[in-house]
Each structure stands twice: as structure tokens, then as C-alpha cells.
């Protein structure tokens, strides 16, 4: 399934970019607005009751003027794995009800940076300048890495690039199953194809327009067979009534589809959010019961469940994963050394140790 | 727009004639009527109210609702008024009311909400955005308009509480999500507990969260025996009742946190610390770290304490 793009807003300074031409050619039915016309359209879109909903069918092609490579926006209060974000665009055509991006961006439309020559130049320079350091780089932080792949071919270009790089790995993170174009490229061990996964109930009810869990797992299995390392992100874990069995079922399914040896890592993160997200998400989707659990303000200002509850949840999930894969590289996204120790029985004291722990999987 | 003020004619109006329940041109003001009553008693009505006679002979107020209310309160039998033609369209009449009011007074959030709701009923969104939102000082953002629109539909007593600052906009927004019965139960509880706006907000958020998460009506949550016994305890003062009630609700929503807090307090008590030492736990007990604060009366004393601590370390 491809996502429908009804409108293309094109900034004047990217009209001549080759990727702009490719995308326009693939969307013959899209309504195109160039330059200032899109500014007025943006003003009207902002006035709609739910600008994000319509914005998910509008793609703006633009030039990225800042740095393409940025550190992951972690906070110093919790352990961060030192992932670098390759900023290829922002916004996503899928519509997960819990999605943090709803409260993050000011502009409701999807944005794609089409000045990709600049991107590859910067990438080349960055990796050569700092050639002694190993870099884990990911494209799936501000957008889904593959959602627009049928239009852009961006991930395939990146896999080609990273397959020849020694001091970096690329993580492609998705809730789609658009892996087919990537399978034509040998990643040379430099690419991890990661899938965000959840309980079937959350996947079905709260991850609108994403690929069903079974399809994501089937795509992961195909990627594994073509030499890709795969990763899984249980994030956000949402502890609704009866959550254990639902999440255990997903874990069991993963290991029915995949060989544990090809799983690079599995991350866990219990739902946490900036306080505004609850308001934004519920204005869009109506009352979502999980946002009304006992969330407390954490050290970074985000709302989190009580630490003991998180520890219990991580412990139960990790235990289930280890039943299938005793040596699985499980990690916690934005948690403290205390939580690592209590839930995973791992002494993880610093960001550097954490980064090394994940680097080992892809070096 | 045609100027409907030109063809007005003067009439003598019985203050009981206009239908005050009619909201066609209503721009609410939640301030007390007392000052206006005294003013009219002393010097009469300076600016004549504006009314429109609609088919069926009913009189609706375009401008001057509070002057008519005050006149009724005083017991006046007739007031000078002006009447606009019955063919004046609703939109034009509302514009008269809007521009007359906005030029004279500040619109609080309750008034803004009612006005935005009515503007969205009458005009296109883009017209509302370009012609009205800038003067109202409201951002031209759809979700914000939707929130105000919902608040603008609340009952008058709720809007009056919002206007007076007894409840926050956040509380009003939650109240829009409840059915009328639940909303009134919350309002009645807040009136009974007499807390400030921030504490009211905390209480309503917590009760609403418990209601949603446990799929229980709010009326059930606030009528369990524990809460009833607090509310009906004659030995407690109003602030004590409010404090106990808040704590009770908090303990249902955050059981682990409340338990941690109690353990921490007990631990501090057992240590019998001198008054100048306080210990704070980590935010939400996220980890086991503590911050120890020692107050010294002078730098000399601070130096001595530090020297002793460093020696012992």
C-alpha cells in the first residue's frame, strides 16, 4: 500500500532539483502549488479543525538549510545511546494516535528535503573528518524512514552509500513493509532495518495507516534473508489492562518469523510524552484512555509512569525476549542506570558505555 | 455592510418585553450588575439600548442587555430605546454588537469563547480569521478555535466561573468533555471545597483521569464512602476538607508515588534532623538520589560545616 499524496507544495528554490522532478513525475494527479501560493494554502490549512489530518496528504518539497546530521534529542537526565539523526525530512503519512511528532512540529504538512546532493556531501565530509569514531546514524526520528520510499527512493540511495562505509551504520526505522527496493542492494553488514512493533491491539487501534504487525514481521524476515540485520523497537509500550499477554504474543511472533542471530537489537520504551501531547492527541482522536494513567513528571519534564511500574514492565518483557534469545541485545530508550539495573540486570552507567553496547552489534 | 444605525427609530420600551434568553446578538459580560444598577438609579440610562422586533412581535436585544437587566432589577416600567429594522440580517446585527463591545471592554476568555462560537456559526472560518481573530488577540489556529468553540457552549454558571478566574481554561476544557450531569457534579464539588483555580484544576484533571482510565462515571468516583466521609465530617474546616479530599484523589491516581512520599516522610521523621537540614527526594522518586540542604546563619558557620563535612568525607 502506498500513501496518498494529494498536494505537492514546492518551494521555488528546489524547482530544479532532480528529486523534485522525479516526485512530480510519480504524482501526476497531485495538485501542485509553487512558492507563495503554498504560503496562503498553509494559512488556510492552519485554520482547519485538524490541520495534521489533512497535512498528512500534503508533501512540501524544500531545501534543508541547516545541518543534516544532528544528535538525537536526548536529555542529560537519562541514558542516551548517542544515535545521530540524518534529517531527511519530517512528518509522516501514517497517523499513530500516540505519536510524539504531533506535539513537536509547528507545521502540519510532511516535508521532504530534496537537496540530496548537499545531504550526501555533508555525510561524506562528516564521516571522513571523524573517521576514527564509529557513528550509528538513523533516518527514522522525525519521520518514518520508508513511508515515502516509493516516491523518493531515498532509503535505497542511503543503503548504497552506507554499504561502502566502514565507520558508520545506518538504521532504517519503519512501521511499513516497503522493504522491496532495499532488498536489491547488499547492505554489506552496514544497515539495520528496524521495525517499530507493538501489541496487536495497539497496532490495530492506534497506528492508523501503518502496516499490520504480521506484514511488518514478514518484511523483517525478507530483509533478514537478504543479509540485513534487523532491529525491533517496542516503543511506546502501553500498559493497558492485560498488556502482558498481548506484548508476549508479539514477542513470540517475532521469534517465529526471525532467527535471533540476525536481530541486532531490541529497544524498549514505556509511553512517555511532553504534557502538551495528551491535549493535542485527544483534540484529534477523542479520549485515549492510556493518557489518563498515573503519569508523573519525570526528570526531563516528560510525563512518565512511576519508575517501579516501568521497571516491572521492562523486566517482564525482557524476560520473555530472553526466553527466545538469551543473548539478545536489549536496551532501554531514555532511562536511568537504576532502571537498567533493576529491570534488565545490566550495569549501564554512562552514555559512552551505552553507545559502545550498541556499536558492538554493527561494527 | 449597510449601516443599520441610520434607519433606527426611538421607542419607549418596557424592560420586561425583550427576551433575555435570546442569544442571537449576545456578547456576554460576567461582571456584577450592582455598579450598573447604582449608576442607572443615579443618572438613568445614557446610551439607549438597541432592539430588533422579529416576526411574531418578539423583541430581541442587539445592544444593552445589561442595561435592560439593571432596569428590570430597579423596577423601571419604561426605558428609552432604539429599534432597528426587522429585516436587518443576523450577521449584521452581530457585527453591531461585536464592534460596539470590543471597542469598550476587554473580553476575558469566557466571553472570547462565546463570541468565537457565534462567529463560527455566522461566518466562514477564513473571514473569522482575517477580520475578527486579530482584534480578539486569538491565534488563527484551527484546534484553538475548536477548543474555544466547545468552551463557548458551556452553561452560564461554568462560564461565569471561568470569567471570574475561579476555574482555569484547562478546567473548562475538561468540563466540555463531560456530559451535563457529570459537569454539574464537578462544579458542585468545586463550589463545596472552595479551592483556588489551580487546585480546582488539579482536582478535576485527577478525577477525570481516574474516570477515563477506570471507565467509571465521575459521580461514582466522588461519591464513594471515603470521599463522602471527608465532605460530611463536621470536625473539619473547609480548607482541611479540601486538602484531605485532594490527597485522597491523588492517592488513587498515584498510589506508588503517595506510598513513596509517606515512606520518605517516615524516614525523615525517624532521623530527627535538626531544623536547619532538609532532604529532598528526586523528582517523582525517579531514582534513589537525595538533595541535602543545610541552612547556615552566616558564612562563618557555613565554612565550619563544610570543613567538618569535608574532613569526615
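The values are calculated or read from the model by the stated rules, or taken from the named source; none is laboratory data. As the structure is a prediction and not an experimental result, all values here were calculated from the model. A quick note on method: Cβ atoms are made from the backbone with ideal geometry, for glycine too, and the neighbour counts reach across all protein chains shown.
For this structure, a couple of remarks:
- Filter result for residue A:78 (without any contact (Cβ under 8 Å) to a residue 60 or more places away in the chain and in contact with a strand residue (DSSP E or B) (Cβ under 8 Å, 6 or more places away or on another chain)): no
- Positions within region B:36-65 being within 19 Å of residue B:100 (Cβ to Cβ) and surrounded by fewer than 17 Cβ atoms within 10 Å (Cβ to Cβ), in sequence order: B:39, B:46, B:47
- Looking only at residues of region A:328-346 that are more than 13 Å from chain B (Cβ to nearest Cβ) and in a loop (DSSP other than H, G, I, E, B), we find that the one that is surrounded by the most Cβ atoms within 10 Å (Cβ to Cβ) is A:333.
- Of the residues making up region B:130-181, those that are assigned to a loop (DSSP other than H, G, I, E, B), within 13 Å of chain A (Cβ to nearest Cβ) and within 24 Å of residue A:107 (Cβ to Cβ) are B:138, B:139, B:140, B:141.
- Test: residue in region A:282-295 that is touching a residue at least 12 places away in the same chain (Cβ under 8 Å), more than 27 Å from residue B:211 (Cα to Cα), more than 11 Å from every other protein chain (Cβ to nearest Cβ) and in a helix (DSSP H, G or I): no
- Here B:210, B:257, B:248, B:231 are screened, and the one residue that is over 28 Å from the mean Cα position of the chain (by Cα), surrounded by 13 or more Cβ atoms within 10 Å (Cβ to Cβ) and in contact (Cβ under 8 Å) with a residue 12 or more places away in the chain is B:257.
- Of all residues in region B:190-207 being in contact (Cβ under 8 Å) with a residue 40 or more places away in the chain and within 30 Å of residue A:239 (Cβ to Cβ), the one that is farthest from the other protein chains (Cβ to nearest Cβ): B:199
- Residue match in region B:112-123 (condition: within 13 Å of chain A (Cβ to nearest Cβ) and surrounded by fewer than 21 Cβ atoms within 10 Å (Cβ to Cβ)): yes
- Within this structure, residue A:121 fails the test of being at pLDDT 95 or above, in contact with a helix residue (DSSP H, G or I) (Cβ under 6 Å, 6 or more places away or on another chain) and surrounded by fewer than 21 Cβ atoms within 10 Å (Cβ to Cβ).
- Taken over region B:284-301, the criterion of being at the interface with chain A (Cβ under 9 Å from one of its Cβ atoms) and in contact (Cβ under 8 Å) with a residue 12 or more places away in the chain is satisfied by B:284, B:285.
- One residue stands out in region A:268-277 among those that are over 16 Å from residue B:146 (Cβ atoms) and in a helix (DSSP H, G or I): the one that is nearest to the other protein chains (Cβ to nearest Cβ), namely A:275.
- Filter pass, residue B:273 being outside any helix (DSSP H, G or I), modelled with pLDDT under 95 and under 30 Å from residue B:162 (Cα atoms): no
- Selection from region B:159-172 of residues that are surrounded by fewer than 21 Cβ atoms within 10 Å (Cβ to Cβ), touching a helix residue (DSSP H, G or I) at 6+ places or on another chain (Cβ under 8 Å) and farther than 12 Å from residue B:114 by Cα: B:165, B:166, B:168, B:169, B:170
- Region A:57-75, residues that are under 19 Å from the mean Cα position of the chain (by Cα), assigned to a strand (DSSP E or B) and buried (at least 16 other Cβ atoms within 10 Å of the Cβ): A:59, A:69
- Identification of helices (runs of 4 or more DSSP H) wholly contained in region B:1-117 with 1 or more residues that are under 28 Å from residue B:138 (Cα atoms), within 28 Å of the chain's Cα centre (by Cα) and modelled with pLDDT of 95 or more yields B:65-74, B:90-102.
- Of A:42, A:37, all but one fail to be more than 26 Å from the chain's Cα centre (by Cα), assigned to a helix (DSSP H, G or I) and either away from chain B (no Cβ under 14 Å) or under 21 Å from residue A:101 (Cα atoms) (or both); the exception is A:37.
- Within region A:300-327, the residues that satisfy the criterion of being surrounded by 19 or more Cβ atoms within 10 Å (Cβ to Cβ) and either within 8 Å of chain B (Cβ to nearest Cβ) or not in a loop (DSSP other than H, G, I, E, B) (or both) are A:303, A:304, A:306, A:307, A:310, A:311, A:313, A:314, A:317, A:318, A:321.
- For residue A:284, the criteria (1) closer than 25 Å to residue A:77 by Cα; (2) touching a helix residue (DSSP H, G or I) at 6+ places or on another chain (Cβ under 7 Å) hold in every case but one, which is (1).
- Condition check for residue A:94: buried (at least 21 other Cβ atoms within 10 Å of the Cβ) and either at positive phi or more than 14 Å from chain B (Cβ to nearest Cβ) (or both): no
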